[in-house]
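Reviewing the structure listed below.
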Amino acid sequence: MPDSDTGAPPRVVLVTAAALAVALAVAIAVFALTRPAADSADSGPLPLVPVPAPFAGSPTCTTLLGAVPAELTSNGASLKVRSLASPAPPATVAWGAPDPLVLRCGLDRPPELTPTAALRLVNRVQWLQVPGEGASTWYVVDREVYAALTVPDSAGTGPLQQISDTVAAKLPPKPLRFS
């Protein structure tokens, strides 16, 4: 019932409306303060699908992964190593966000590796490029174990060169194997 002197709503309605407005403002503030930052998903643990890597536990993979850089440079940006979500695939490391680069070691021979496959020599390492949607996977094909670096199309050539330097420094070359 309106206030008979002024025609305003009853005091109870005004107090209730003010209390609801304050509660809404508090709820919005709490949500904004407790919501993860937009980039925290990019820097949090990265979930990866496991792929067959029967040689992931080899000493060669241990040597390679122990020597990879903590940061890669791509298009002038520094990409830091990412933690991997559990269960993490064995012998795997990733860098950067939102489109991470992923190095996996101990893989089976890629079926695309044939005697006529086009290989690319990068800093003394032979690579086989397998294009994909939005990224290419580059396989190291001239070492004791196969390793693969998945590189988003948006990345520059720096990461492939840096990983090539690490592979060349730590793993001796071996003849190509086609079977």
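The values are calculated or read from the model by the stated rules, or taken from the named source; none is laboratory data. Predicted, not measured: the structure shown is a model, and the values here were computed from it. Backbone-built Cβ (ideal geometry, glycine too); neighbour counts: all protein chains shown. These accessible areas exclude ligands, DNA and RNA; they are computed on the full protein's heavy atoms, side chains included. Shrake-Rupley method; radii C 1.70, N 1.55, O 1.52, S 1.80 Å.
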- Output the qualifying pairs, or none if there are none: Cβ atoms under 9 angstrom, residues six or more apart or on different chains, first residue in the range 52-78 and within 21 Å of residue 169 (Cα to Cα), second residue surrounded by fewer than 13 Cβ atoms within 10 Å (Cβ to Cβ) and acidic (Asp, Glu). 55/108
- Restricting attention to the range 62-77, which residues are modelled with pLDDT of 95 or more and either exposed (fewer than 12 other Cβ atoms within 10 Å of the Cβ) or more than 17 Å from residue 95 (Cβ to Cβ) (or both)? 62, 63, 66, 70
- Query: Which pairs have Cβ atoms under 9 Å, sit 6 or more apart or on different chains, and link a residue in the range 152-179 that is open to solvent by 20 Å² or more (accessible area, probe 1.4 Å) to one that is in a helix (DSSP H, G or I)?
  - Reply: 169/67; 170/60; 170/63; 170/64; 170/66; 170/67
- Query: When you go through 139, 146 one by one, which is the residue that is in contact (Cβ under 8 Å) with a residue 24 or more places away in the chain, in contact with a Lys or Arg (Cβ under 8 Å, 6 or more places away or on another chain) and under 17 Å from residue 92 (Cβ atoms)?
  - Reply: 146
- Filtering the range 104-142 down to residues that are hydroxyl-bearing (Ser, Thr, Tyr) and in a loop (DSSP other than H, G, I, E, B), which residue is most open to solvent (accessible area, probe 1.4 Å)? 116
- So residue 145, is it open to solvent by less than 40 Å² (accessible area, probe 1.4 Å) and out of contact with any helix residue (DSSP H, G or I) (no Cβ under 9 Å at 6 or more places or on another chain): no
- Message: Looking at (1) aliphatic (A, V, I, L, M); (2) without any contact (Cβ under 8 Å) to a residue 40 or more places away in the chain; (3) over 16 Å from residue 171 (Cβ atoms); (4) open to solvent by less than 30 Å² (accessible area, probe 1.4 Å), which one does residue 101 not meet, given that it meets all the others?
- Response: (2)
- Query: Here is a list of conditions, (1) part of a strand (DSSP E or B); (2) of a type outside the set (A, V, I, L, M); (3) open to solvent by 20 Å² or more (accessible area, probe 1.4 Å), and residue 86 meets all of them except one; can you say which number that is?
  - Reply: (1)
- Hits in the range 43-59 (condition: open to solvent by 80 Å² or more (accessible area, probe 1.4 Å) and in contact with a Pro (Cβ under 6 Å, 6 or more places away or on another chain)): 50
- Note on the structure: Counting only residues that are within 14 Å of residue 135 (Cβ to Cβ) and hydrophobic (A, V, I, L, M, F, W, C), the range 84-96 contains a total of 2
